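Visitor: The structure's right below; bear with me while I get my questions together.
The values are calculated or read from the model by the stated rules, or taken from the named source; none is laboratory data. Bear in mind that the values here come from a model prediction, so they are computed numbers and not experimental data. Cβ placement follows ideal geometry from the backbone for every residue including glycine, while neighbour counts extend to all protein chains displayed.
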Amino acid sequence: MDIIYGFISLFSNPTAIFTVFAAAIVGVIVGATPGLTTAAAIAMLVPVTYYLDPIIALIALYVIGKAGRFGGSISAVLFNTPGTAGAAATQLDGYPLTQKGQTGKALKVSVLASGCGDFFGDMLLIFGATFIASYTMKLGPPEYLAIYVMAFIVIGSVVGNSILKGLISSLFGILIASVGLDPVSGSTRFDFGDVNLMSGFSLVPLLVGTFVISEVLIQAQRSASNGAVGYKIPTSEDPDSQRLSWSEIKRCIPVTLRSSAIGSFIGILPGLGSSVAAFVSYGEEKRRSKEPEKWGTGIIEGVAAPESANNAVSGPSMIPLLTLGVPGSTIAAMLMGVMLIHGIQVGPTIFTTSKDLIFTLFAAGLVGILSYVIIGYYGSGFIGRTIAKIPPRLIYPTVFILAFLAAYSVRSSLFDVLVMLIFGGVGYVMRRYDYSVAAFIISFVLAKGAEEAFRQSLLISDGSLLIFVERPVAAVFLSLGVIGLGLRVRQAYKQRQFNKRLTQS
Amino acid sequence: MKKIKFSKRLATITTVALMSVLPSSVFAAEYPEKPITAIVPFGAGGGTDSYARTLSSVAYDVLKQPIVVVNRPGGSGYVGAKFAADARNDGHTIMIQSAGSFILSGMLQKRPVDPFKDFIPVSVIGQLHTGIVVKKDSPYQTVQDLIADAKKKKLIWAHAGRGGVHYMAASALEQLHGFSAKDVPYKGGGNVRNALLGGQVDFAWIGVQQVAGFEDSLRVLGVANTERDPVQNSYKTFEELGVDYSRFVSPITVYVPKGTDAKIIEKLAVSIKEMQTQKAFKKLTKGAGLAVMYKDPAETKLYLETLRDEWAPIVEKVKAKLAKK
């Protein structure tokens, strides 16, 4: 029970305990600010951490990352602008809840689901890291491609009502993803001779543009047509709209557990990331639901599913980092940098050579979860009430300015700010004409990894496509994807028959 | 009266003239007058970034001004390089590059800046070494074993990108020994190592510092340099092993944009040397396993040009081979 020693060493170090609480607060705030991504905040802190005791440095970054994942849902719920990439799925049902005046309820579901998902993921990390790593290590490019395909099919069910429009949005995402360096030959594609396009578009400016800027434009348009007063976040006098009843919690438990499992699985695989985890579990739960038509209109399951998956990524994403030295996310890469500079060697031996440090860090992660759950649960009502008092004419301009900061801070690049603005316009047009921006972003994320895996596989197999069915694990994931696709087609067909009968009678 | 006026005017003219001649040397004496921005054309947390961060951690004690590291990743290090080349050449913007891949990639493809024409090298501060690595249970005990088998059948190997130091080192070896193997590019050294650990490939070319912590599961067959890596010094070089090879290394180099005053370069180089003697710097680099080196501006220029000339014929052949693919 190394984790118990971890707790003992954590609680015997007052600075470490203080760091956990401080990091939880900072993480929630940073995550909640639509312009400040957690990754950017951590990047700013990395140089400072060189002067700190290694355990304090790691605790600070790790807990900020965790709390930030939850924090991202706050602005998604309140303003329809995701604070982090992982929260983009949360706004699908979170924001409609706010429009119904149930902000407090949405935030409470979000924080509880986040905490559960995070805890679930951490348990896997603490008790199964070495075991899991021995399996994931064997996954090669063909297996990854199969997983990408499966994820893509599952997410397909959230792209909106029109399959054609969903496909067009996805193809647009794939097209944008193909700008930059060819993953195999290293030559540039579609860069039009511009050095800034050489390495392609990065996720944050695209995300901030299509989700945040477009929302600001939509809000601006709405207040212009409503006169100068603008709209206000509705508040409800009914106390039940802010509280969570036991029956509601019960409805969310199975959703949260399944989504935590999905999030953890995706977290184990480096490179997919929390936005994919959140959308996959949202899509899967919507498919499972008896009332899929209610999804997107503001139901609490639609917040619980993506939030638990998003946070469940946190712990398991440390597994490839610690045991294999493969960072799965920007945050993981920065944690690895901090470990490197402090002489902590990542690799299979880390659980013996740096045992005390690692388990103290894990203990800090668990205390960190508890901290942000308490902050979020008891703070959510307060946050909701306070924000409701601020007029939108102050909120959205602030969000707009913060968006510039977000786009710039990733690569210190003004070009990225331009990209954000252009895609703000693109996102606005897409949303006006009902093309899913979520499908666009997810395709962008998945296409890069999928292309790389596909072409690596073909290099290994000398161009034979059989490699995807000859390798058993790849074959299993591919057939799961195909079954999923079949089920969707059948569902769509049945729906159409049903509609036909309705119109005939 | 008139005389005084004239002498006054003369004095003014002289002062103005002197001011227009002197500034560079005067400013050089005061350099740096504000924080120095160090462009790292790779992400935070990587190898080159770690070198930059350790240097920046002791910069203030020596320069009385901080060095602020700014990561501008993308385009195999050329996005940041373009930014640094366009910056004012007053010594307040420097670039810390992994020069091996920077130079090679510029030789292989048309790039927006030229590593030799658009920059002046200040100092080599460290060096990354590449080598052949196999899994511990691999049948290959020596480089010779591997080459012999590669001549019989097509082996699969992993690297972190075509055109980089690792890929070119491998291509040189293939050319010298007359074999060809199937290459699979992965994103970053960590993923290459993982492909090796998972048995996806027969061998890999990676930076030997990547093997640290994985000694139980990986075996380094040889390092493509004349000298051993000063930190990972248990790995033999190809020279020691008696294998024909070409030298491939990536010197971590501090650059300034072209046209920077020689006095500023000198001041910067001397300061870097002093930073490397600081206790804090030694502690950090030792902990991180970073190999520290120092070359002055003249040595650095000569070293980089020598490497380029050594590599030119190999690059030409690789270009021809890639054009066929």
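Visitor: Take the conditions at the interface with chain B (Cβ under 8 Å from one of its Cβ atoms) and over 30 Å from A:Glu307 (Cα atoms) and apply them to A:Gly343. Does it pass?
Guide: Against the criterion (at the interface with chain B (Cβ under 8 Å from one of its Cβ atoms) and over 30 Å from A:Glu307 (Cα atoms)), A:Gly343 qualifies.
Visitor: Condition first: of a type in the set (Ser, Thr, Tyr), farther than 19 Å from A:Arg385 by Cβ and in contact with an Asp or Glu (Cβ under 9 Å, 6 or more places away or on another chain). Now tell me which residues in region A:44-83 satisfy that. Talk me through it step by step, then tell me what you get.
Guide: Filtering region A:44-83 for residues of a type in the set (Ser, Thr, Tyr) gives A:49-51, A:62, A:73, A:75, A:81.
The next check asks that each one be farther than 19 Å from A:Arg385 by Cβ; those that pass are A:49-51, A:62, A:81.
Selection gives A:Thr81 alone.
Visitor: Name the residues in region A:323-340 that are more than 7 Å from chain B (Cβ to nearest Cβ), touching a Ser or Thr at 6+ places or on another chain (Cβ under 9 Å) and not β-branched (Val, Ile, Thr), would you?
Guide: Answer for region A:323-340, where residues must be more than 7 Å from chain B (Cβ to nearest Cβ), touching a Ser or Thr at 6+ places or on another chain (Cβ under 9 Å) and not β-branched (Val, Ile, Thr): A:Gly328, A:Ser329, A:Ala332, A:Met339.
Visitor: Starting from residues that are in a strand (DSSP E or B) and over 20 Å from the mean Cα position of the chain (by Cα), keep the ones in region B:146-184 and report whichever is farthest from the other protein chains (Cβ to nearest Cβ).
Guide: Restricting attention to region B:146-184, the residues satisfying the condition of being in a strand (DSSP E or B) are B:156-159, B:182-184.
Then keep just the ones that are over 20 Å from the mean Cα position of the chain (by Cα); that gives B:156-158, B:182-184.
On the way: B:Ile156: 6, B:Trp157: 11, B:Ala158: 9, B:Lys182: 6, B:Asp183: 7, B:Val184: 5 Å.
In this case the residue turns out to be B:Trp157.
Visitor: When B:Ala291 is evaluated against the numbered criteria (1) under 18 Å from the mean Cα position of the chain (by Cα); (2) of a type in the set (A, V, I, L, M); (3) surrounded by fewer than 17 Cβ atoms within 10 Å (Cβ to Cβ), which criterion, by number, is the only one it fails?
Guide: Going through (1) under 18 Å from the mean Cα position of the chain (by Cα); (2) of a type in the set (A, V, I, L, M); (3) surrounded by fewer than 17 Cβ atoms within 10 Å (Cβ to Cβ) one by one, B:Ala291 breaks only (3).
Visitor: Looking at (1) of a type in the set (D, E, K, R); (2) in contact (Cβ under 8 Å) with a residue 60 or more places away in the chain; (3) under 24 Å from A:Ala67 (Cα atoms); (4) surrounded by fewer than 23 Cβ atoms within 10 Å (Cβ to Cβ), can you tell me which one A:Arg258 breaks?
Guide: (2)
Visitor: For region B:75-93, state whether one or more residues are modelled with pLDDT under 90, touching a Gly at 6+ places or on another chain (Cβ under 8 Å) and assigned to a loop (DSSP other than H, G, I, E, B).
Guide: No, every residue in region B:75-93 fails to be modelled with pLDDT under 90, touching a Gly at 6+ places or on another chain (Cβ under 8 Å) and assigned to a loop (DSSP other than H, G, I, E, B).
Visitor: Then there's this: Among the residues of region B:37-68, what is the count of those that are surrounded by fewer than 23 Cβ atoms within 10 Å (Cβ to Cβ), of a type in the set (Val, Ile, Thr) and under 28 Å from B:Lys110 (Cα atoms)?
Guide: Of the residues in region B:37-68, 1 are surrounded by fewer than 23 Cβ atoms within 10 Å (Cβ to Cβ), of a type in the set (Val, Ile, Thr) and under 28 Å from B:Lys110 (Cα atoms).
Visitor: Moving on. Hey, any hits in region A:389-399 for a residue that's surrounded by 20 or more Cβ atoms within 10 Å (Cβ to Cβ), in contact with a Ser or Thr (Cβ under 7 Å, 6 or more places away or on another chain) and not hydrophobic (A, V, I, L, M, F, W, C)?
Guide: Checking region A:389-399: not a single residue is surrounded by 20 or more Cβ atoms within 10 Å (Cβ to Cβ), in contact with a Ser or Thr (Cβ under 7 Å, 6 or more places away or on another chain) and not hydrophobic (A, V, I, L, M, F, W, C).
Visitor: Being more than 14 Å from chain A (Cβ to nearest Cβ) and either at pLDDT below 90 or farther than 24 Å from B:Ser101 by Cα (or both) is the filter here, so list the residues in region B:193-207 that pass it.
Guide: Result: no residue meets the conditions.
Visitor: Would you point out the residue of region A:411-437, among those that are assigned to a loop (DSSP other than H, G, I, E, B) and within 14 Å of chain B (Cβ to nearest Cβ), that is nearest to A:Ile42 (Cα to Cα)?
Guide: A:Ser412
Visitor: Sticking with this one: Just to be sure, is B:Lys187 closer than 23 Å to B:Ala148 by Cα, facing chain A (nearest Cβ under 10 Å) and of a type in the set (Lys, Arg)?
Guide: The answer is no for B:Lys187.
Visitor: Still on this model: Being crowded, with 24+ Cβ neighbours inside 10 Å, not assigned by TED's automatic domain parsing to the domain that holds B:Ile147 and not aliphatic (A, V, I, L, M): is that true of B:Phe102 here?
Guide: yes
Visitor: Further, regarding this structure: For region B:35-51: of the residues being in a helix (DSSP H, G or I) and either farther than 18 Å from A:Ile331 by Cβ or touching a residue at least 60 places away in the same chain (Cβ under 8 Å) (or both), which is nearest to the other protein chains (Cβ to nearest Cβ)?
Guide: The qualifying residue nearest to the other protein chains (Cβ to nearest Cβ) is B:Ser50.
Results for (1) touching a His at 6+ places or on another chain (Cβ under 6 Å); (2) part of a loop (DSSP other than H, G, I, E, B); (3) surrounded by fewer than 24 Cβ atoms within 10 Å (Cβ to Cβ), shown as yes or no for each residue.
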{"position": "A:Ser308", "(1), (2), (3)": "no, no, no"}
{"position": "A:Pro316", "(1), (2), (3)": "no, yes, no"}
{"position": "A:Pro320", "(1), (2), (3)": "no, no, no"}
{"position": "A:Val326", "(1), (2), (3)": "no, yes, no"}
{"position": "A:Leu340", "(1), (2), (3)": "no, no, no"}
{"position": "A:Asp356", "(1), (2), (3)": "no, no, yes"}
{"position": "A:Phe359", "(1), (2), (3)": "no, no, yes"}
{"position": "A:Ile374", "(1), (2), (3)": "no, no, yes"}
{"position": "A:Ile383", "(1), (2), (3)": "no, no, yes"}
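Visitor: Looking at region B:248-258, can you tell me whether even one residue there is touching a residue at least 12 places away in the same chain (Cβ under 8 Å) and part of a loop (DSSP other than H, G, I, E, B)?
Guide: yes
Visitor: For B:Ala323, all conditions in the list (1) in contact with a helix residue (DSSP H, G or I) (Cβ under 9 Å, 6 or more places away or on another chain); (2) within 14 Å of chain A (Cβ to nearest Cβ); (3) of a type outside the set (Asp, Glu) hold save one; what is the number of the exception?
Guide: (1)
Visitor: Just to be sure, is A:Ser202 surrounded by fewer than 22 Cβ atoms within 10 Å (Cβ to Cβ), closer than 28 Å to A:Phe79 by Cα, hydroxyl-bearing (Ser, Thr, Tyr) and touching a residue at least 24 places away in the same chain (Cβ under 8 Å)?
Guide: Spelling it out, A:Ser202 is indeed surrounded by fewer than 22 Cβ atoms within 10 Å (Cβ to Cβ), closer than 28 Å to A:Phe79 by Cα, hydroxyl-bearing (Ser, Thr, Tyr) and touching a residue at least 24 places away in the same chain (Cβ under 8 Å).
Visitor: Give me the residue from region A:164-190 that is among the β-branched types (Val, Ile, Thr) and more than 9 Å from every other protein chain (Cβ to nearest Cβ) and, out of that set, surrounded by the most Cβ atoms within 10 Å (Cβ to Cβ).
Guide: Taking region A:164-190 as the starting set, the residues that turn out to be among the β-branched types (Val, Ile, Thr) are A:168, A:174, A:176, A:179, A:184, A:188.
From what's left, more than 9 Å from every other protein chain (Cβ to nearest Cβ): A:168, A:174, A:176, A:179.
Numbers: A:Ile168: 17, A:Ile174: 17, A:Ile176: 21, A:Val179: 16.
My answer is A:Ile176.
Residues checked against (1) touching a Gly at 6+ places or on another chain (Cβ under 7 Å); (2) within 30 Å of A:Gln91 (Cβ to Cβ); (3) aliphatic (A, V, I, L, M):
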position	(1), (2), (3)
A:Ala304	no, yes, yes
A:Ile319	no, yes, yes
A:Leu322	no, no, yes
A:Pro327	yes, yes, no
A:Thr330	no, yes, no
A:Leu335	no, yes, yes
A:Gly347	yes, no, no
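Listed here are the residues, each with its yes/no results for (1) out of contact with any strand residue (DSSP E or B) (no Cβ under 8 Å at 6 or more places or on another chain); (2) exposed (fewer than 14 other Cβ atoms within 10 Å of the Cβ); (3) over 23 Å from B:Ala224 (Cα atoms).
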position: B:Lys258; (1), (2), (3): no, no, yes
position: B:Gln276; (1), (2), (3): no, no, yes
position: B:Gly287; (1), (2), (3): yes, no, yes
position: B:Lys321; (1), (2), (3): yes, yes, no
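Visitor: If I ask for residues that are farther than 15 Å from A:Leu446 by Cα, under 22 Å from the mean Cα position of the chain (by Cα) and among the hydroxyl-bearing types (Ser, Thr, Tyr), which ones from region A:164-222 would you list?
Guide: A:Thr210, A:Ser214
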